[in-house]
Every structure is written in structure tokens, then in C-alpha cells.
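First the structure, in the form of C-alpha cells, and then the observations on it.
The values are calculated or read from the model by the stated rules, or taken from the named source; none is laboratory data. Predicted, not measured: the structure shown is a model, and the values here were computed from it. As a convention, Cβ positions derive from the backbone with ideal geometry for all residues, glycine included, and neighbour counts pool all protein chains shown.
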Amino acid sequence: MSENMTYREAVREGIRKAMQEDERVFMMGEDVGRYGGCFAVSMGLQEAFGPERIIDTPLSESAFTGAGIGAALNGMRPIVEIMTTNFSLLALDQIMNNAATLLHMSGGQFNVPLVIRMATGGGKQLAAQHSHSFEGWFAHIPGLKVLTPASVQDAYDMIALGLADPDPVLIFENSLLYNSKGELDTAATALPIGKALVHRSGKDLSILAYGINLFKALEAAETLAAEGIDAEVIDLRSLRPLDDKTIMASVKKTHRVMIVDEGWKSGSISAEIMARINEQAFFELDAPMRRVCTQEVPLPYAKHLEDAAIPQPEKIVATARELMEEL
Amino acid sequence: MKMNLELAKTFYRQMLLIRRFEEKSVELYSNEKIRGFLHLYIGEEAVAVGVMHALNEEDAVLATYREHGQALARGVSAKSIMAEMYGKLEGCSRGRGGSMHLFDAATRFYGGSAIVAGSLPLAVGMALADKMMKRKRVTVCFFGDGAVAEGEFHESLNLAVLWQLPVLFVCENNRYAMGTALALTESETDISKKAAAYKMTSVQVDGMDVIEVAKAAEKAAADIRTGKGPAFIECLTYRFRAHSMFDAELYRDKAEVKEWKEKDPLTVLQNILEKKKIWADIDLGKLEKEVSAVIDEAVEFAENGTLEPVSDLEKFVYSEEAVQ
């Protein structure tokens, strides 16, 4: 049975369900309890589960993320909420040097079943220390899994997928999606980690996107459809592991590819996807691949400048047209 | 703690094992059997041995990159540690960690961390799990004086007290963060005071005296087990050897080293036992022989160990059950 709700509510319900089903699950982070979460995701959860399981932390990203790793090592299934990915850099040592390495460094003895959730993305005029998208960066690191829920269904499912995974899973929730609405079917079988989803089937070009850019790409696809261009739109869902199979199948079908990524171009996940397509499906391409990424600037405050810096449907449409004009 | 012949022998034997193991490690490093970084525990043996005495099997230990001593005192086998330093499959971390990253699930030895202060948050989290699950365990976290300058030290101490967690912080103050003296890096050089400032039960002990360390650890562990929250022990100690094998020791006086060598933890214990009239009953030659046999066996085990096939290189990046 499906129900219409916001992305925010879906994350909350995902957490609620996990906490009801497994006493090892708890959540900690800044303002997740009494305040209800910076983005109101955990509103009401502390009343439901008590301050021992929805734990307010000091502004000590490194310590509480590390504590999440320690608790995971010692039998718990913690969810650590880092307010935004910008602040996750304060916990980078713990994420990279401990969470991602312990299993390997210990010769397989100590796995870290930890979920770290964080908000990501720009578009709210919050300037250069609150607006960046670092999910592509984290996807560089062996030992981590990086999920980017776009749909309400995934916002819910990915909590359970992350908690069921024996290794550290990072979930990036684009903060502009929290108010978006969609259908949630709590009885549906979740699409596993590492599977991309073809959202719109098309034959002329493939648009690969994740997070909020899935919706910008779908909007662009509608505009393109009116012009007679039939775009296939794929939600990557997981940046590590990447679903090479679904990506290559789409390349073989449309022979034209563009990627939409809110990270910067240089050294980005979009660059990685292009490299993989070159390696695995180069001769399927009818035209050079294109990208719509964030301009290479720290994100500015002024709305017109920020809008110009991050991917927009108009830019996706224009880039798609160029791609289709290539012989 | 009641000192008797059995305990005296155990302490002396464990410290001697660490001492001789480290001396053998230097030799093997020179022979290029061991590579990478090698940080020796010589001079600091009383700290690991004293603290481990206070622990039970179900307690957990986290240590630093200078952790051969902790691993041995915790009961990780000399064979598996040596094989690890040889990079062999039979090593306690399957050759994935080396000297700085010894891990052993059987003794709940959680490494071997080479990011200074990086394991303090982990210890806090392990203790949090125990508290949430109402387990009467203690998590012990070893770190050096260098860690005190890191933010993670302060964040972790604050959390541990704030949440009243069953964690024992053991600071091995050997006076130097690599080559920089404590006085050059800290405005307050009494580290135990920093812990006390977080409202933590905190003591400073002579880290060259295994009995003093053991007494302090016993009390701290007992308090922690009865739910009194975290505790902090600062052990004043000294590293007799260089920081690592790449250290010319230009930063400290030979006189200072000599002065501390007079406080050698083995000598200190011997003196105490002599006063207590226990020493005469200890057969040092026999202990040396036993220790030597353990080390010979470890070296032989490591020499005969196997190299993990390169085809296994990418194993343990993710758990087997997660690999699709």
C-alpha cells in the first residue's frame, strides 16, 4: 500500500522503522533530539525513543562520528547524522582513516556496520561553507558505500539498506529534496545498493543523474520530448559502487551520453563515469560525452550567481541539444 | 593489589618479553625482515603490563602505532605479531597492517592506530555501546602525550564524561611527540589536569613502576565497572630508543636518556621485589630462557609463514557477505 509523503517524512519513517525493529539501532548528531533535527528529519523521534537512542551531541563531528564507528565495532547499528556534508570534513579523519580502513587493515576481523547521513547540495543562498556537494569525493574511497536517494521511496529504503549492510554506508540527502513529495510503498522490496534505476526510458540520449538533479534531468527530458528528442534518464542512486551494467546498457542503446552532477567537474564522479564509459563502451559512442556540473567556484550567496553556478534544467536542455547536433 | 611471587613473576616476565621482543625486532629490521615503520616500546613496558593486569577477557583495548607492548601484554601471540611484521598471511592482521596496525579479535585488541588521537573517539563509541547494552565491560584507550594537542582528545574526553561512559584513558607521557618536547607544544604540561578539567577522575602515576600503574589501573577499572564513569591515568614514562628507525635523536640530551634509563621498569621492579624479599625466589635465567624460546618460536613461525596470494589483494575492502 502506498502513501504520499515528503522526503523528510520518508527518511524519518525509515529511521523509525529501523529503531522499532532493532534495539541496536540508535541515532546521534547535532540537534537531532530536542531540536528535532536541523532539517526537522528527526522531529518527534526523541519523544518516541528517548534521549538514550536519539542522542544530542556536542559540535564534535570527529568525536561523534568516531564514536559511531566504535559503537558499530562493538555490536551496535548506529546512524550518525552530520548536519551537512560541509561539516563532514571535520570528521574526515574518522571516516577515511578508520571507518573505511578497519576491515582491511585488520585482515577482515573488524567490520564497521555504520550509517552516516548528511545533507548535501546548494540552491538555498547559503554560500560557500554550507552549499557544497562532496558525495563524489567520498565515492573515491574504497571501503565506503555512497548512496544518493532522490525519490521518496529511496529516502525510506536506503536507511534500511544502509543498516543491513555490514560496512560503512554514507547517505547524502539533498536538502532541497526534504520538502519534495512522492509515493512511498513500505511493503515494496527495496532496490539493492549498487543498482541504478532507469526513470524514463528513451532512445536518443542517456542522461545520468543522481539526487536532486534527477528531477532537473526529468524536467529537461520533458522539454526535449516536445522537440522530438527522446531522452533516457537514469538515477544512479549509488555513487559507490556504480552500476556499470545499467550505465553501459543505456550507452549501447542511445549512443549519446550526458551526466548531470552537482559536484565540480575536476576529478568528479562525472569524470569517473566518463572514464568508465570510455573503458567499457567507447565504440558505442556516436558523439563526445557531455557534462553539466557545478561551475568551478566556491558557491556564492547572491541568487543569480548561485543559480548560474549549479546545474539547471535549461542548461541540461541546451547541453542535450548540442549533444544531439553532433554528427 | 597484593604482591606475591606469582604476580611478580608475571609482571617481570611480561616486561622482559616485550623488551626482548623489541630488541629482536630491531635486529630483524636491520636485516630487512621487517619493513615500514617500527616504533619500539623499550622503556615503557610497565605501562602496558600494569594496565592490562586490571582487565578481563571481555574488556577491549585500543592502542597506538607503538603497540607491540600492549598487544603482547594483552595476550596477542608473539608468533602472530612477528608474522604480521613479516607481512605474512599468518600475521594477526594477515599482513595488511604491519607493525603499526596489530589487530586481534580473540583478545579484543582493536589496533594499532597510526593517526595520533584517532582511536579516542572509537573508544568512546565502544564504551557507549557497552553502556547502552548494559554490559559491564571496560574499554581502554592508550595514547601518547602528542595526542593531547589534537582536537579529538578534547572532544572525546568531553563526550566520555558527559555520557558517563565506561572508558579508561591511558596517556603514555613519554615527554616527546616524535621529536618535540611537551613543553614546546602545551601551555599546560600536566596532562592529568587537562582530564580533570573535564570533570574526569584523573591521576598521574610513575609509569616506570609497574606496580604503581597496576594499582591505578585496578582502581580505575573497578570504579568504571561500578558505573562511576570514565577515568584517566597519566603514566610518566620514557622511550629509551629513538622514535622510529629513522630518528637520529637530535632533540634530546644523552644525559636525559641516561637519567631515565636508571629508572628502567625492569630495574625498578627488581628493586621493589628485592626489598620485599621476593626477588631471590625468581630465577631470572629461567625467565630469560622462557622468553627467548617464545621469541625464537615467533621468528621461526614468521619465517615459515606464507605470503597471501596477490589474487586476494582486494579482499576485506568490503565484508564477504556484502560482496555481490
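General observations
- The single condition among (1) acidic (Asp, Glu); (2) surrounded by fewer than 16 Cβ atoms within 10 Å (Cβ to Cβ); (3) assigned to a helix (DSSP H, G or I) that A:Glu23 does not satisfy is (3).
- Where A:Leu163 falls short, out of the listed (1) assigned to a strand (DSSP E or B); (2) within 14 Å of chain B (Cβ to nearest Cβ): (1)
- Checked against the criterion of being part of a loop (DSSP other than H, G, I, E, B), touching a helix residue (DSSP H, G or I) at 6+ places or on another chain (Cβ under 6 Å), crowded, with 18+ Cβ neighbours inside 10 Å and modelled with pLDDT of 95 or more, the candidates A:Val41, A:Val11 yield just one match: A:Val41.
- Of the residues A:Asp185, A:Asp165, the single one that is acidic (Asp, Glu) and within 25 Å of B:Val317 (Cβ to Cβ) is A:Asp165.
- Screening B:Met132, B:Met126 for residues that are under 30 Å from A:Glu23 (Cβ atoms), surrounded by fewer than 24 Cβ atoms within 10 Å (Cβ to Cβ), at pLDDT 95 or above and touching a strand residue (DSSP E or B) at 6+ places or on another chain (Cβ under 9 Å) leaves exactly one candidate, B:Met132.
- Taking region A:223-296 and the strands (runs of 3 or more DSSP E) fully enclosed by it, the elements with 3 or more residues that are touching a Pro at 6+ places or on another chain (Cβ under 9 Å) and crowded, with 18+ Cβ neighbours inside 10 Å are at A:257-264, A:290-294.
- Options A:Lys195, A:Lys181: the member that is closer than 20 Å to A:Glu232 by Cβ and surrounded by fewer than 18 Cβ atoms within 10 Å (Cβ to Cβ): A:Lys195
- B:His101 vs. criteria without any contact (Cβ under 8 Å) to a residue 60 or more places away in the chain, over 19 Å from B:Glu218 (Cα atoms) and within 9 Å of the chain's Cα centre (by Cα): no
- Among residues of region B:131-141 being in a loop (DSSP other than H, G, I, E, B) and without any contact (Cβ under 8 Å) to a residue 24 or more places away in the chain, the one that is nearest to the other protein chains (Cβ to nearest Cβ) is B:Met133.
- Flag: A:Val169 does not match the condition of being within 30 Å of A:Arg256 (Cβ to Cβ), of a type in the set (Val, Ile, Thr) and either touching a strand residue (DSSP E or B) at 6+ places or on another chain (Cβ under 8 Å) or buried (at least 19 other Cβ atoms within 10 Å of the Cβ) (or both).
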